[in-house]
Amino acid sequence: MIGVFVIPMLSDNFSYYVYTKGNIQQGFFVDVSEPEKLTAFTTALQITTVSHILTTHKHGDHSGGNQSLATQIGSTLKIVGGANDNIPACNHPVNDGDKLDDILPGVEITCLHTPCHTRGHILYYLDSQEESKSDFTITQEKGYQHIQNINRCVFTGDTVFLGGCGRFFEGTAEQMLSALDRFGALPDDTKVFCGHEYSVKNLEFGMMAEPSNPYIKEWHSKFAEMNENRVHTVPGTVATEKLINVFMRTRVESIQRELVKSDDPVKCMAFLREFKNTGALPGSAKI
Ligand SMILES: [Zn+2]
């Protein structure tokens, strides 16, 4: 089983430490922008070596700590990232479908190339060979949110957020549709760890885009309460995202009819992104 610690960085970024049950020393980090926060975490949890960083994409708020950690730790530090994404200090470039089997014992890690937010963006999907029958647990340990007993999970960077998706900086609506289709094809119980705490704002948008969806309202209240109690909203699940993430619902007929009067999901995706970017219905004057 997989365990994950959430390490907040910058204003609303999430970095993570990932390990397997019973072996907290042999783990990896995801998306490090502030090395000093990584050091504070390893000191607090008494983790003695930093051997791997998996980077979802090149943007500084996800990869800004790579170079100084590479300098500090040396060539034993493996920095994994998308082969065509210009990740700082990357010495282990990966492509779609690559497996990283030697990092966590008993866990298969698959790299999914999802170009759009950046051209080399990678999702990391982890599948544990040892299945737990009981559900995951969330506790606080030394000030860090700690999720245990995970059978499978995915680190989505800025491609998928809870209730939303990243901007199309280096890609198209068609590419985001295919990225979200791949994400949606993962098992329903896959836990979702995204790159930012945007959940409440995303669902505020979701309520505007699909006002008739009761799940969006329900989860908006849950997420808002979590934020008030200083609890991070991660992890989500693939099953819940299918219900509350409007960007994953571009094939739902009622949404298509309401927003674009067309059954083309690409058109619907482009419309939603534009709507979210501007805060106004595309084609109408900005409020
Ligand atoms: Zn980004």
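Some notes on this structure:
- Top-ranked residue of the range 235-252 - restricted to ones that are more than 17 Å from Glu204 (Cα to Cα) and out of contact with any Leu (no Cβ under 7 Å at 6 or more places or on another chain), ranked as surrounded by the fewest Cβ atoms within 10 Å (Cβ to Cβ): Ala239
- Subset of the range 173-198 that is crowded, with 19+ Cβ neighbours inside 10 Å and more than 17 Å from Thr233 (Cα to Cα) - its residue that is farthest from the ligand (Cβ to nearest atom): Leu186
- Against the conditions (1) in contact with a helix residue (DSSP H, G or I) (Cβ under 6 Å, 6 or more places away or on another chain); (2) within 15 Å of the ligand (Cβ to nearest atom), Glu170 satisfies every one except (1).
- Residue in the range 31-53 that is out of contact with any helix residue (DSSP H, G or I) (no Cβ under 8 Å at 6 or more places or on another chain), closer than 13 Å to Gly157 by Cα and in a strand (DSSP E or B) present: no
- Members of the range 1-50 that are within 21 Å of Lys78 (Cβ to Cβ), in contact (Cβ under 8 Å) with a residue 40 or more places away in the chain and of a type in the set (S, T, N, Q): Thr20, Asn23, Gln26
- The range 199-230, residues that are within 17 Å of the chain's Cα centre (by Cα) and either without any contact (Cβ under 8 Å) to a residue 60 or more places away in the chain or surrounded by fewer than 21 Cβ atoms within 10 Å (Cβ to Cβ) (or both): Ser199, Val200, Lys201, Asn202, Leu203
- Positions within the range 202-219 being within 16 Å of the ligand (Cβ to nearest atom) and basic (Lys, Arg), in sequence order: none
- Qualifying positions in the range 213-237 - part of a loop (DSSP other than H, G, I, E, B) and of a type outside the set (A, V, I, L, M): Asn213, Asn229, Arg230, His232, Thr233, Pro235
- When residues in the range 81-115 are screened for being among the β-branched types (Val, Ile, Thr) and part of a loop (DSSP other than H, G, I, E, B), 3 of them pass.
- One residue stands out in the range 121-142 among those that are in a strand (DSSP E or B) and within 16 Å of the ligand (Cβ to nearest atom): the one that is surrounded by the fewest Cβ atoms within 10 Å (Cβ to Cβ), namely Leu123.
For every residue, the table says whether it meets (1) among the hydrophobic types (A, V, I, L, M, F, W, C); (2) away from the ligand (no atom under 16 Å from the Cβ).
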site	(1), (2)
Lys78	no, yes
Gly81	no, no
Asn95	no, yes
Leu104	yes, yes
Val107	yes, yes
Pro115	no, no
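- Within the option set Thr118, Thr156, being in a loop (DSSP other than H, G, I, E, B) and surrounded by 24 or more Cβ atoms within 10 Å (Cβ to Cβ) holds for one residue only, Thr118.
- In the set (1) touching a Phe, Trp or Tyr at 6+ places or on another chain (Cβ under 8 Å); (2) under 26 Å from Gly236 (Cα atoms); (3) modelled with pLDDT of 95 or more, the condition left unmet by Ile47 is number (2).
The values are calculated or read from the model by the stated rules, or taken from the named source; none is laboratory data. All of these numbers come straight from a predicted model, not from anything done at the bench. Note: ideal-geometry Cβ built from the backbone for every residue, glycine included; neighbour counts use all protein chains shown.
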